[in-house]
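Inspection log for the structure reproduced underneath, given as structure tokens.
The values are calculated or read from the model by the stated rules, or taken from the named source; none is laboratory data. Model, not experiment: these values are computed from the prediction. Backbone-built Cβ (ideal geometry, glycine too); neighbour counts: all protein chains shown. Keep in mind that these areas ignore ligands, DNA and RNA; they rest on the heavy atoms of the full protein, side chains included. Shrake-Rupley method; radii C 1.70, N 1.55, O 1.52, S 1.80 Å.
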Amino acid sequence: MVITAITRARPLATPPGEVPSPVNPRSGCTFHTRCPLAESRCERERPALRDDGKGRRSVACHLA
């Protein structure tokens, strides 16, 4: 069995904006300054972690 390195067709995209601080977390959603879909609600309210509705993963987003 030969194991080869996995190569990526394109580099991973890095979201713009400031990286959230784990020491001094922001109010609301941690990623509201980096999310292109963020609304004013995202700045004020931290979204609850919930099931995605398909039973595959958990999400913490007001818009998901």
(request) Would you check which residues across segment 1-53 are open to solvent by less than 60 Å² (accessible area, probe 1.4 Å), of a type in the set (G, A, S) and at pLDDT below 90 and list them? (result) G17, S21
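Considering segment 54-63 alone, what residues qualify as being free of Cβ contacts under 8 Å to residues at least 24 places away in the same chain and open to solvent by 70 Å² or more (accessible area, probe 1.4 Å)? Quick ask: steps written out before the conclusion?
If we filter segment 54-63 for residues that are free of Cβ contacts under 8 Å to residues at least 24 places away in the same chain, which is where we start, we get 54-59.
Across segment 54-63, the qualifying residues are K54, R56, R57, S58.
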